[in-house]
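Coordinate-derived values only; no laboratory data. The structure presented is a predicted model; accordingly, all values stated were derived computationally and were not measured. Glycine also receives a Cβ, built like all others from the backbone with ideal geometry; neighbour counts cover every protein chain displayed.
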Amino acid sequence: MRVLATTTVALVLAALPALAEDAPKPATVTQANAAAAPSASDLLFDQPHMKNAAPGSTITYDYLRRSGIAKGPFGAPLEDTLKLKLEPGKSPEARDITVTMFSGLNRVPAGPFEDMAGNPVVSLFLENHLKSLAKVLEANPRYLKLAIRKGLREKATVTPTKVSVGGRDVDGWRVVTKPFEGDSMAQRMRGLDDMTYTFVTAPSVPGEIVSIEASSKSKDGGELLEEKLNYDQKAG
């Protein structure tokens, strides 16, 4: 799949934080919560996620990627961890963040981030995801990135949810978008045009990002890709 002209992956992925730059349109919400629901971009990129994450602590996420596509274009199944080591930033809500993204031969260079109030794990996940997706589809990563940006701004559904933390349920938000659905290039995406991105956030969880998932299934229910990141409550 060749979508637009191929650009340097590193330059495009470095621009991913721009997902939050444009003034977001209101996300689709349920009628009962129309007045209270924030936008997807606000939840994922604009909130000071680190305000409730203690300096000196480490936030750990469990990572999983697997695919049922023949010949394994996404590579072998991978289970690993992503860790954010936090130190005080210049302001009370900000943190200096050291990232350990995966281990051993799977290690991906990332960070560090200085004086950051938001949680970089969203951009880190999407950067890594888009890099492999663009390679598999032989696609321009900028095209895919812009589709996800538009999906979060215009096609996201934001609904209240409950998150289990320490044996009790706390309030959270679930953001769901299918950015490639109906795309003019959907026929070139090898069935991955149904890719669904799901984000769960909760202010009671350190770093606020509870989980991120990108998933796609074939018409017969087969797993084309499952890639997800989950906050590990037991890790310190």
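Would you please state which residues of segment 112-146 a label at SER218 would reach in this model, taking the label point 7 Å out along Cα→Cβ and a backbone N cut-off of under 18 Å?
136-137
Taking the beta-carbon count within 10 Å as an exposure proxy, list SER164, SER204 from fewest neighbours to most. Display every interim value, and only then the final one.
On the way: SER164 12, SER204 15.
Taking fewest neighbouring Cβ atoms as first place, the list is SER164, SER204.
Using a Förster distance of 25 Å, how high is the FRET efficiency between GLU79 and GLU114, based on the Cβ-Cβ distance and rounded to 0.05?
It comes to 0.25.
Between the DSSP loop rule and a limit of at most 13 other Cβ atoms within 10 Å, which GluC sites (Glu not before Pro) in segment 125-193 are left?
In loop regions of segment 125-193 (DSSP not H, G, I, E or B), the sparsely surrounded GluC sites (Glu not before Pro) are GLU138.
Extending each Cα 7 Å along its Cβ direction at VAL170 and ASN52, get the distance between those two points in nm, one decimal.
Those two pseudo-labels are separated by 0.4 nm.
At R0 = 35 Å, how high is the FRET efficiency between THR98 and LYS135 if r is their beta carbon distance? Nearest 0.05 is fine.
Calculated transfer efficiency: 0.80.
Calculate the FRET efficiency for ALA186 and ASN230 from the Cβ-Cβ distance with a Förster distance of 25 Å, rounded to the nearest 0.05.
With a Förster radius of 25 Å, E is 0.30.
Using a cut-off of under 20 Å, list every residue of segment 179-219 whose amide N is near the label point 7 Å from the Cα of ALA36 along the Cα-to-beta-carbon line.
199-205, 208-210, by backbone N distance to the label point.
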